[in-house]
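Below is one structure, written out as structure tokens, with a few remarks after it.
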Amino acid sequence: MEFLENLYKTLQSLLSSYIDLDYSLWVYRFLTPLIVTFLLPLVFVALIYISFLVLFIYKLHRQVIMRAVQGDRNFWRVGRKIVAAIWDAHARIYHGYEVIGLENVPQEGPALIVYYHGAIPIDMYYLNSRMLLQRERLIYTIGDRFLFKLPGWGTISEAFHVSPGTVQSCVSILRDGNLLAISPGGVYEAQFGDHYYELLWRNRVGFAKVAIEAKAPIIPCFTQNLREGFRQVGIFRTFFMRLYNKVRIPVYPIYGGFPVKFRTYLGKPIPYDENLTPQDLQIKVATAIEDLINQHQRLPGSILLALLDRLPAFRRRVKKKDE
């Protein structure tokens, strides 16, 4: 009898250990993909701080570096090119990044680039880098005010001319003959847009006032599969929307960092028209961006199919099917 009791206890102990081990392995396998999808966006953050370190070192040792590049009067030019090369390499390798319609951006003179804002505007970092390296033109950018409270952002904004922006400051940038990028949807569109790619501009017409006052053309801009690269979690949307309306900073958790295919499409310029009101111009630009979305974006967006877009054979098959 004592033997049976000991045998029972031994079997019970072994079974308990097996269940615990099996359960631990199941939890590990289940949680690993979830943890990875929330950690991958940190690669983007890491690139930002690598950019900051490069620019900080460049600023710290500017005298030595400037002596090595004598004749270059633009203090930040070399530093920007180094950082642009880092971002462009990441764009090419990780997302197979392409720009379609680069010829629509003028070689010189002002233009306002109005773009759809993804969960993370990584496509604008890529576009600015490509523009710097291929066209020797810097895109001045309007960023949300919360960015300027982040450590290291001051150096980046100084080098790449990122500013909170007012109507008058934006007009001045364009009148000086520069390129300027604005997303009317801003952080709100970034936080609460989804894979249906609806524009969330909330009747904002400031960008239209800027273009009219500066008499500058507007270039509509959209990046294919942007929402498949990074997404917000699909739960507690109402809660996070209320929280955002109170604190006015990004609070909706982001996951992703998937190596999907990115293509930025730059549409035909919308020329200055003195007969258009800001409201009319806003509608015209929104329609142009929606046309780019409907023409080039799979709706609703699919992460799996966006990953398959990296394969040339799959892209050719999809294109042939659409035709």
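Tabulated data
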| read-out | value |
| --- | --- |
| Solvent accessible area, Å² - residue 261, 1.4 Å probe, full protein context | 10 |
| Apportionment of accessible area to carbon and sulfur, the range 180-219, percent (1.4 Å) | 47 |
| Above-threshold pairs, the threshold being 24 Å between Cα atoms, out of 149/246; 81/215; 59/81; 215/268; 209/246 | 81/215; 209/246 |
| Per-residue HN-Hα couplings for the range 307-314 [Karplus 6.51, -1.76, 1.60; θ = phi - 60°; Hz; x = Gly/Pro] | 5, 5, 4, 5, 8, x, 5, 5 |
| Solvent exposure ordering (accessible area, 1.4 Å, most first) of 262, 239 | 239, 262 |
| Total formal charge among the other residues, if their Cβ is under 15 angstrom from that of residue 133, Lys/Arg +1 and Asp/Glu -1 | +4 |
| Accessible area expressed per residue, the range 106-228, with surrounding protein chains retained (probe 1.4 Å, Å²) | 36 |
| FRET efficiency for residue 168 and residue 284, using Cβ-Cβ distance with R0 set to 30 Å, rounded to 0.05 | 0.85 |
| Sum of side-chain charges, residue 55 neighbourhood, beta-carbon under 10 Å (Lys, Arg +1; Asp, Glu -1) | +1 |
| Where 197, 272 fall by accessible area, highest first, once all protein chains stay in place (1.4 Å) | 272, 197 |
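The values are calculated or read from the model by the stated rules, or taken from the named source; none is laboratory data. All values derive from a computational prediction rather than experimental measurement. Cβ sites come from the backbone with ideal geometry, for glycine too, and all protein chains shown count toward neighbours. Calculation scope for accessible area: heavy atoms of the full protein, side chains included, ligands and nucleic acids excluded. Shrake-Rupley method; radii C 1.70, N 1.55, O 1.52, S 1.80 Å.
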